[in-house]
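Working notes, structure below.
The numbers here are math on the coordinates, done by the rules we state, and not lab data. Values in this document were obtained by computation on a predicted structure and should not be read as measured data. FYI the Cβ positions are ideal-geometry reconstructions off the backbone, even for glycines, and counts take in every protein chain you see.
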């Protein structure tokens, strides 16, 4: 009965999750600079962040946030500040020692990698708008709450799977070896991307004036 709705939800999510953004940037950066485990934990953090968006969407809190200008702007400022923080840290990356060319350039604890992924996704205002649109425009209000929760579980699992695949790809020795000699420059480029995303989030409202 709800198959067509689920397929539409899955299609919309697929198009959204594969588009480059903050989540994609941090998973790639951590996978290349800190290795497979850090990349996978970052991916798991991103996927877990989906539950946050699903929860407030089911509770209707997302509508309140989206309609409150100061709350939504605060969310954008927090997200922008966090991306600026990790972007500046990435810009300070130093060349890796030639004798340790395939080892992780940085040591990133699993808990910290998970936290980076979770916070990056959880504070992403674009994700807020996406899930608000999904649960108000795509998913019918008549759909039972348990079915909607099942959609949310799928979205979290699908997101985690996608970013785990990204992490596995970019943490391959062959890929990391290609980045190793110029890895600090790659890290700095990713840092610049994160800073640009952070500034865009923080200043988007001001620039529209």
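Remark: 12, 27, 32 ranked as 12, 32, 27, counting other beta-carbon atoms within 10 Å and listing the fewest first. Arranged from fewest to most other beta-carbon atoms within 10 Å of their beta carbon, 77, 165, 44, 146 become 146, 165, 77, 44. Modelled spin labels at residue 174 and residue 7, positioned 7 Å past Cα toward Cβ, are 3.6 nm from each other.
Multiply the residue separation of residue 19 and residue 157 by 0.36 nm, subtract the distance between their alpha-carbon atoms, and state the gained length in nm to one decimal. Mind showing how you got there, number by number?
Numbers: separation 138, 0.36 × 138 = 49.68 nm, distance 1.72 nm.
Gain on extension, residue 19 to residue 157, equals 48.0 nm.
Counting neighbouring beta carbons within 10 Å and listing from fewest to most, the residues 110, 31 come out as 110, 31.
Classify the stretch 1-62: rounded, prolate or oblate, from the alpha-carbon gyration tensor (a ≥ b ≥ c, eigenvalue square roots; a/c under 1.5 rounded; otherwise prolate if a/b is larger than b/c)? Prolate, because a/c is 1.5 or more and a/b exceeds b/c. Shown is the FRET efficiency for residue 142 and residue 74, computed with R0 = 25 Å from the Cβ-Cβ distance and rounded to the nearest 0.05: 0.15. On full extension, the segment bounded by residue 165 and residue 126 gains 11.8 nm, given 0.36 nm per residue less the C-alpha separation.
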